[in-house]
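Participant: Let me begin by handing over the structure; questions about it come next.
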Amino acid sequence: MSVKYAPVKWNRNKKVYDLFVAGGIVAYLAVFLAVGSAVWAGEHAISFPILLARALGTCALVMLHIALAIGPLARLDRRFLPLVYNRRHLGVATFLVGFAHAVVGVGYYHGFGLLNPLVSLLTPPDRVPFEWFGLGALAILFVMAATSHDFWQKTLGGSAWKWLHISVYPAYALLVAHVLFGALRSETNLLYPVVLGVGFVALTGLHLATGLRERRRDEAPLPSQPVRVALEVAWVDVGSVDEIPENRAKVVALPGRERVAVFRHANGISAVTNVCAHQRGPLGEGKIVDGCITCPWHGWEYRPEDGCSPPPFQEKIATHRVKVVGRRVLIDPDPLPPGTPVEPAKIEEECHAAT
Amino acid sequence: MPQPEVDRDPFFIGWLKMPRAYARFLAPVTFALVAALTIGGAVLAWAQRSPGPGTWDDAATTFTGIVYTEPYAMIRVPPVEPGGAPRTVLLVEEGKFGAKERARAHDGQPVRVSGTLIARDSRLMLELAAGEDGLRAAELPEAEQAALRRTPPRGHGPVTLRGEIVDSKCYLGAMKPGGGRTHKGCAVLCLKGGVPPLFAARDSGTLYLLTNARGRPLDPSLFDRVGDDVRLEGVSEDWDDLPVLKVSSR
Ligand code: FES
């Protein structure tokens, strides 16, 4: 939510995160190389560049699995959210490790010959070579890494950026093909296909579990069937104020529309879109901190009463008209333009005169 | 009183200190993850296939013998022990290139070659050093020359064999492993550069030198099949100590 873009704005959490990423990469590579050269030594030694390419390639694949697992994990248990916070750095690191794998592999396998290594790599043989799948995946990861900065997110616009970043799934598919038609056709140990399969099942399972949970939540939220009260606006009853904890939100799914986050704060109710203007994080899973809705992913802030970020920031999200009748919360399903002020609906005191 | 509200509903914001509940959960999770990955890396490294027994010497080796350039550059050199049979050593250049061009002027003549020795089991190859040092004409008494000359091939008739076409330089020890699907791009480049093709027969493990049906260099249309599991039909022969498969079909 910057007005000015810096390459990286460091803070303690990011540093610890990157330390773990870098430490993990170094530990993995070191152990792979050490074990690989101890197990196969002497006249059975594996050439070092090949061992290195294998260490880098498996490392990048493992990292991609982790990067893909973090999102659903954080939806299932929000204590994983700090891992989402700096996921961009994990993605960039994954690209860099994958790129190093490609440089070593292409340099060694396609270098030293009568063709330029890249020409040799790209000369089409009779069948699509496995290297091309890896190259495709790497190209996608490169574009993602290069555009991961908020500057690009802003320049490309939310939905183009989102689609670009959903292409991480085709990249994953390409990498599976790359391994399937390359390494797995050369290696004989069953461990490799088993590990690849377990990774695939785990990722698919996590995504399905998250998807199903979200579906269930979307379908179940309205206690009474969405009763449309006949008033000047087609108000929708989204539940009772008592369902919403103080400073937190209830997420409401309205058919055919973006989800709405209905926040309770300072004895009032405000409704805004559930979609963060940054990277579409789920605002309804955020919290009101210091009077601002704070996104659970990277902490962008919006005032509940008008959907605007506090100055000097200029981000805006859509708001919804809202009112409270008795203990029921009614919202207008049609969003107002981003940044439109809406007076929070007052919650009437619970204890009316008991008489 | 500490703020009870913070404890009841902790919320992580990137630029603030991580709430204790998150840190207490994530610290063991991330440490366990890094530990698991490290162990995983060890297991993946351990499970790699053996690259085979090839070696590539650091020190230079020198031979004197009779050089031939058809179908590929090779030299016939004296046996290790007196009374043994002469040995055939395939010749290649540095990088992914055959040595036919350099040897051509000396075809059938005595030469002295020097370079680094690549060897797998009893199959030998020399990567020639650059310049005159690598290959130059040599004097050899007529009797020794006669002992080193090729003898007529001994034929074993038609065969159909299953196995893998490989480039000799990598497979014999320049790159390890020097075969298989991941190595295919490299092997194609080697064969295009004139490195002699070999055929690693699956059942017998025999390494055949591959030629076309007339004993000339292998048809380049077969280069694309290198690294694959293929079946080759042809005629098997022994050229002295060198098993040869003269391929008649793909
Ligand atoms: S998605 Fe990044 S702060 Fe909301």
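Throughout, read-outs are computed from the coordinates displayed, never taken from laboratory work. This is a predicted model, so every value here is computed, not measured. Neighbour counts are summed over all protein chains in view; Cβ atoms, including those assigned to glycine, are modelled from backbone coordinates with ideal geometry.
Participant: Which GluC sites (Glu not before Pro) does region B:69-116 hold that lie in a coil by DSSP with at most 12 other beta carbons within 10 Å? Numbers along the way, then the final one.
Facilitator: Values: sites: B:GLU93, B:GLU94, B:GLU101; in loops: B:GLU93, B:GLU94.
Of the GluC sites (Glu not before Pro), not one in the loops of region B:69-116 has a Cβ with at most 12 other Cβ atoms within 10 Å.
Participant: Arrange B:MET125, A:MET63 by Cβ neighbour counts within 10 Å, fewest through most, would you?
Facilitator: Starting with the residue having the fewest Cβ neighbours, the order is A:MET63, B:MET125.
Participant: With the alpha-carbon atoms as the only input, what is the per residue convex hull volume for region B:82-133 in Å³?
Facilitator: It comes to 104 Å³ per residue, whole-number rounded.
Participant: A further question on this structure: Between B:ILE165, B:ALA103, B:VAL92, whose Cα lies farthest towards the positive end of the dipole of chain B when Lys and Arg beta carbons carry +1 and Asp and Glu beta carbons carry -1, centred on the Cα centre?
Facilitator: B:ILE165
Participant: Using the alpha carbon gyration tensor of region A:227-354, what are the three equivalent-ellipsoid semi-axes (square root of 5 times each eigenvalue), largest first, in whole Å? Can you show the working numbers first?
Facilitator: On the way: eigenvalues 106, 55, 32 Å².
Taking √(5λ) for each Cα gyration eigenvalue gives 23, 17, 13 Å.
Participant: If you plug each phi of region A:131-148 into the Karplus form 6.51 cos²θ - 1.76 cosθ + 1.60 with θ = phi - 60°, what whole-Hz ³J(HN,Hα) values come out, in order, with x for Gly and Pro?
Facilitator: 3J(HN,Hα) across region A:131-148, in whole Hz: 4, 5, 4, x, 4, x, 4, 5, 4, 5, 4, 5, 4, 5, 5, 5, 9, 6.
Participant: May I pose another question? Would you mind getting the Kirkwood hydrodynamic radius of chain A from its Cα pairs, rounded to one decimal in Å?
Facilitator: Kirkwood radius, chain A: 23.3 Å.
Participant: How large is ³J(HN,Hα) for each residue in region A:255-263, as worked out from phi by the Karplus curve 6.51 cos²θ - 1.76 cosθ + 1.60 (θ = phi - 60°), to whole Hz, x for Gly and Pro?
Facilitator: For region A:255-263, the Karplus curve yields x, x, 10, 5, 5, 10, 9, 9, 9 Hz.
Participant: Another question, then. Return the FRET efficiency for the residue pair A:VAL198, A:VAL325: r is the Cβ-Cβ distance, R0 is 56 Å, and the value is rounded to the nearest 0.05.
Facilitator: 0.60
Participant: Tell me, what ³J(HN,Hα) does each residue in region A:105-114 have, in order and in whole Hz, if you take phi through Karplus 6.51 cos²θ - 1.76 cosθ + 1.60 with θ = phi - 60° and put x for Gly and Pro?
Facilitator: x, 5, x, 7, 6, 10, x, 6, x, 7
Participant: For a footprinting-style exposure proxy, rank B:LYS176, A:LYS15, B:LYS246 by other Cβ within 10 Å, fewest first. Provide the component values of the computation, followed by the final result.
Facilitator: Numbers: B:LYS176 27, A:LYS15 11, B:LYS246 23.
So the ranking, lowest neighbour count to highest, is A:LYS15, B:LYS246, B:LYS176.
Participant: Please state the shape class of region A:12-218: rounded when a/c is under 1.5, otherwise prolate if a/b exceeds b/c and oblate if not, all from the C-alpha gyration tensor.
Facilitator: Prolate, since a/c reaches 1.5 and a/b exceeds b/c.
Participant: Let me see the P(r) profile for region B:105-250: every Cα-Cα distance counted, bins of 5 Å, each bin given as a percent of all pairs.
Facilitator: With 5 Å bins starting at 0, P(r) equals 2, 9, 17, 20, 20, 15, 10, 6, 2, 0.
Participant: Where is the GNM fluctuation largest for chain A (alpha-carbon springs, 10 angstrom cutoff): A:LEU122, A:LEU68, A:LEU330?
Facilitator: So, out of A:LEU122, A:LEU68, A:LEU330, the one fluctuating most is A:LEU122.
Participant: May I pose another question? Listing A:ILE70, A:ILE166 from the residue with the fewest other Cβ atoms within 10 Å to the one with the most, what is the order? Don't skip to the end; give the middle numbers.
Facilitator: Details: A:ILE70 20, A:ILE166 10.
Exposure proxy ranking, most exposed first: A:ILE166, A:ILE70.
Participant: What net charge is computed for the residues neighbouring B:CYS170, neighbours being all others with C-beta under 9 Å from the C-beta of B:CYS170, Lys and Arg scored +1, Asp and Glu -1?
Facilitator: After counting each charged neighbour, the total is +2.
Participant: Considering the Cα positions of chain B, please state its Rg to one decimal place and its Dmax as a whole number of Å.
Facilitator: Using the Cα atoms of chain B, the pair Rg, Dmax is 27.6, 106 Å.
Participant: While we're on this one: When Cβ neighbours within 10 Å are restricted to other protein chains, what is their mean count per residue of peptide A:68-80?
Facilitator: 2
Participant: Work out the FRET efficiency for B:ARG231 and A:LEU114 from their Cβ-Cβ distance, taking R0 = 22 Å, and round it to the nearest 0.05.
Facilitator: 0.15
Participant: Name the GluC sites (Glu not before Pro) in region B:133-191 that are in a loop by DSSP and that have at most 14 other C-beta atoms within 10 Å, would you?
Facilitator: Those that pass, being in a loop and sparsely packed, are B:GLU139.
Participant: With each pseudo-label sitting 7 Å past Cα toward Cβ, what's the B:ARG149-B:ALA130 distance in nm, one decimal?
Facilitator: 3.7 nm
Participant: Any chance you could list the semi-axes, whole Å, largest first, of the equivalent ellipsoid that the Cα gyration tensor gives for region B:55-148, using √(5λ)? If you can, show how the numbers build up before the last one.
Facilitator: Working: eigenvalues 71, 53, 27 Å².
Each semi-axis is the square root of five times an eigenvalue, giving 19, 16, 12 Å.
Participant: A further question follows. For a quick check of your reading of the filter: which trypsin sites (Lys or Arg not before Pro) in region A:88-174 sit in a DSSP loop and have no more than 15 other Cβ atoms within 10 Å? Intermediate results must be reported in sequence, preceding the final value.
Facilitator: Values: sites: A:ARG88, A:ARG127, A:LYS154, A:LYS162; in loops: A:ARG127.
Hits after loop and neighbour filter: A:ARG127.
Participant: What are the equivalent ellipsoid semi-axes of the protein assembly as shown, built from the alpha-carbon gyration tensor (square roots of five times its eigenvalues), in whole angstrom, biggest first?
Facilitator: On the way: eigenvalues 991, 94, 75 Å².
Taking √(5λ) for each Cα gyration eigenvalue gives 70, 22, 19 Å.
Participant: Average partner chain C-beta neighbours within 10 Å, per residue of A:26-36?
Facilitator: That average works out to 5.
Participant: Express in % the proportion of alpha carbon pairs of region A:1-130 at distances exceeding 24 Å.
Facilitator: 47 percent
Participant: Taking chymotrypsin sites (Phe, Trp or Tyr not before Pro) that fall in a DSSP loop and have at most 16 other Cβ atoms within 10 Å as cut points, what is the longest piece of chain A between them?
Facilitator: Between the exposed loop sites, the longest stretch runs A:11-312.
Participant: Is it possible to state the helix-based mean residue ellipticity at 222 nm for the protein assembly as shown, with each DSSP H run of 4+ residues giving -39500 (n - 2.57), the sum divided by total residues, to the nearest 500 deg cm²/dmol? What is it?
Facilitator: After summing the helix terms and dividing by the residues of the protein assembly as shown, the value is -12000 deg cm²/dmol.
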